[in-house]
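The values are calculated or read from the model by the stated rules, or taken from the named source; none is laboratory data. Remember, predicted model here, so these are calculated numbers, not experimental data. FYI the Cβ positions are ideal-geometry reconstructions off the backbone, even for glycines, and counts take in every protein chain you see.
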Amino acid sequence: MKITKICCIGAGYVGGPTMAVIAQKCPDIKVTVVDLNGARIAAWNDKDTNNIPIYEPGLAEVVAEARGRNLFFSTDVEKAIDEAEMIFISVNTPTKTYGSGKGMAADLKYIELCARQIARVSKSNKIVVEKSTLPVRTAEAIKNILDNTGNGVRFQILSNPEFLAEGTAVQDLLNPDRILIGGDTTEEGQHAINALVDVYANWVAKEKILTTNLWSSELSKLTANAFLAQRVSSINALSELCEKTGADVSEVAKAIGMDSRIGPKFLKASVGFGGSCFQKDILNLVYIAKAYGLNEVADYWEQVIIMNDHQKRRFSHKIVTTLYNTVSGKKIAFLGWAFKKDTNDTRESAAIYVADDLINEQAELYVFDPKVAEGQILSDLNYLDSRTAEENKKQVTVAASPYEACKDAHAIAVLTEWDEFRDYDWKKIYDNMMKPAFVFDGRNILDAKQLTEMGFIYKGIGS
Ligand code: NAI
């Protein structure tokens, strides 16, 4: 079966970039991305592609090329479902905030709503692709809903998890390490798998396209994120030991990373990982393990989260103790709010939790991030519900420039590894700060030697 029309439900950090690249690489396929959020769709359709809602290097150009040709953004979900032969579900799957599994299980209500809507609207056979990250065996639930419409329409469910990393989404989509497609082992299932393989084969080498059964595919995505996060927590755990022993975590990371069995990536110590995925996917894995009574497996992976929470708290605590045990009324400048560089995504960013701790200590925060606006920063803090929105607004000022953020500050905390932070006029920043001038580099990106020579008291992670 040759696919000519694709619909993607969910125009977020995954649905938007993924479909833009499919449309760019497959000009014969009409790709329609739909979302309930009208403001988000309007932004995707903004005349100026620099105003699209998601910042990713290179994405505006891809959208500019394909949009209006074979890439469309719309709020008309039903029409797009009805037209398409293949429907990607790319909606959010956050951690449940209520009921059983609260704080751990994935909240699948958005997925179920999509399945029910597909079941209601479809008049012809469809291939439904899980692009969202889902607990293992979710395809079974989706299939149950779709198979009980009674109107004779037949559905095939595929799992096609997305491995892109925010900040490098376009590059990752253009040159993926692998594409993973899970499907039914029946003949119909294999036909569906092949239809999706053919889409990717427009730009991805066939050897890089792996096909598996549904459950392996679903579980592989959770496992990939758990392994990546586990490396960060492992090196972060060692960073604390380095600080006590005189070892330097960057040197340790380099030494072990040159071992080809370990490899050099994902060994950078930091204030802790953030992002919408790592924590929620590990919690999800932990929840699934517990549901099967596998308590040791659950505890093993939960420790990755416990370590990450500790690393964030340790960073804010270090700021307080270094500033003579009080930050009350002191100005602290935050450089960076996004959870990593080259994205405007702030979900689960370490900055939010460090800020929350320091506000509890009555610090006055001045935040500068090159891509994150004031409204987002305040809403991230308000979401924690630690205090009223008015109190957050009183304690936090969002600065228009790094120099404004750092002026008269007692300390600077680097929370995101934006490249531009390295190139600031650090002498000018130093001259305008309170003395002693402290820098807490939560990403180990600044030149410690140079800053120390200028007069800063520099504190990195793990040395
Ligand atoms: P997101 O929150 O940016 O986007 C999801 C979109 O779905 C929202 O715009 C929302 O309005 C829309 N939506 C929800 N229910 C809908 C419905 N019934 N009909 C139409 N639209 C609906 O989420 P994001 O980051 O794109 O993540 C989506 C999925 O992809 C999640 O399962 C996530 O775990 C997974 N993922 C995310 C990655 C990332 O880097 N953000 C990477 C790989 C996977």
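General observations
- Selection within region 220-267: residues that are within 16 Å of the ligand (Cβ to nearest atom) and not aliphatic (A, V, I, L, M). The member of this set that is surrounded by the fewest Cβ atoms within 10 Å (Cβ to Cβ) is 227.
- Comparison of 11, 60 shows that the only residue that is within 13 Å of the ligand (Cβ to nearest atom) and hydrophobic (A, V, I, L, M, F, W, C) is 11.
- Inter-residue pairs, beta-carbon under 7 Å, first assigned by TED's automatic domain parsing to the domain that holds residue 286 and in region 304-330, second basic (Lys, Arg), 6+ apart: 318/459; 322/459; 323/330
- Scanning region 124-141 for residues that are within 15 Å of the ligand (Cβ to nearest atom), in a strand (DSSP E or B) and not hydrophobic (A, V, I, L, M, F, W, C) yields a total of 1.
- Every pair of residues 6+ apart whose Cβ atoms lie under 8 Å, when the first sits in region 145-167 and is closer than 30 Å to residue 342 by Cα while the second is of a type in the set (Ser, Thr, Tyr) and in a loop (DSSP other than H, G, I, E, B): 161/133; 162/90; 162/133; 166/13; 166/343; 167/343
This table checks each residue for (1) crowded, with 17+ Cβ neighbours inside 10 Å; (2) touching a residue at least 12 places away in the same chain (Cβ under 8 Å); (3) not small (Gly, Ala, Ser).
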| position | (1), (2), (3) |
| --- | --- |
| 393 | no, yes, yes |
| 406 | yes, yes, yes |
| 420 | no, yes, yes |
| 423 | no, no, yes |
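- Consider region 27-55 and keep the residues that are away from the ligand (no atom under 16 Å from the Cβ) and under 25 Å from residue 196 (Cβ atoms). The one that is surrounded by the fewest Cβ atoms within 10 Å (Cβ to Cβ) is 28.
- Conditions (1) without any contact (Cβ under 8 Å) to a residue 60 or more places away in the chain; (2) touching a Gly at 6+ places or on another chain (Cβ under 7 Å); (3) over 22 Å from residue 440 (Cβ atoms): number failed by residue 294: (2)
- Qualifying positions in region 27-66 - in a helix (DSSP H, G or I) and of a type in the set (S, T, N, Q): 49, 50, 51
- Just one of the listed residues (150, 189) is surrounded by fewer than 21 Cβ atoms within 10 Å (Cβ to Cβ) and under 12 Å from residue 214 (Cβ atoms), namely 189.
- Meets criteria (under 30 Å from residue 18 (Cα atoms), in contact (Cβ under 8 Å) with a residue 24 or more places away in the chain and surrounded by 22 or more Cβ atoms within 10 Å (Cβ to Cβ)) for residue 285: yes
Residue-by-condition table, conditions (1) more than 28 Å from the chain's Cα centre (by Cα); (2) under 20 Å from residue 280 (Cα atoms):
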position	(1), (2)
151	yes, no
156	yes, no
161	no, yes
176	no, no
179	no, no
189	yes, no
216	no, yes
224	no, yes
255	yes, no
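- Out of 255, 229, sole residue that is touching a residue at least 60 places away in the same chain (Cβ under 8 Å) and either assigned to a strand (DSSP E or B) or within 30 Å of residue 443 (Cα to Cα) (or both): 229
- Looking only at residues of region 93-123 that are among the polar types (S, T, N, Q) and modelled with pLDDT of 95 or more, we find that the one that is nearest to the ligand (Cβ to nearest atom) is 117.
- All positions within region 199-214 that are assigned to a helix (DSSP H, G or I) and touching a helix residue (DSSP H, G or I) at 6+ places or on another chain (Cβ under 8 Å): 199, 206, 214
The rows are residues; the columns are (1) within 16 Å of the ligand (Cβ to nearest atom); (2) under 29 Å from residue 433 (Cα atoms); (3) of a type in the set (Gly, Ala, Ser).
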{"residue": "304", "(1), (2), (3)": "no, no, no"}
{"residue": "321", "(1), (2), (3)": "no, yes, no"}
{"residue": "328", "(1), (2), (3)": "no, yes, yes"}
{"residue": "345", "(1), (2), (3)": "yes, no, no"}
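- Taking region 72-92 as the range and being of a type in the set (A, V, I, L, M) and either within 15 Å of the ligand (Cβ to nearest atom) or assigned to a helix (DSSP H, G or I) (or both) as the test, the residues that pass are 77, 80, 81, 84, 87, 89, 91.
- The set of residues from region 15-40 being among the β-branched types (Val, Ile, Thr) and in contact with a Phe, Trp or Tyr (Cβ under 9 Å, 6 or more places away or on another chain) comprises 18, 21, 22, 31, 32, 33, 34.
- Residues in region 116-126 that are surrounded by fewer than 24 Cβ atoms within 10 Å (Cβ to Cβ) and of a type in the set (A, V, I, L, M, F, W, C) were compared, and the one that is farthest from the chain's Cα centre (by Cα) is 121.
- Every listed requirement among (1) more than 16 Å from the ligand (Cβ to nearest atom); (2) outside any helix (DSSP H, G or I); (3) crowded, with 18+ Cβ neighbours inside 10 Å; (4) not β-branched (Val, Ile, Thr) is met by residue 24 save one, (2).
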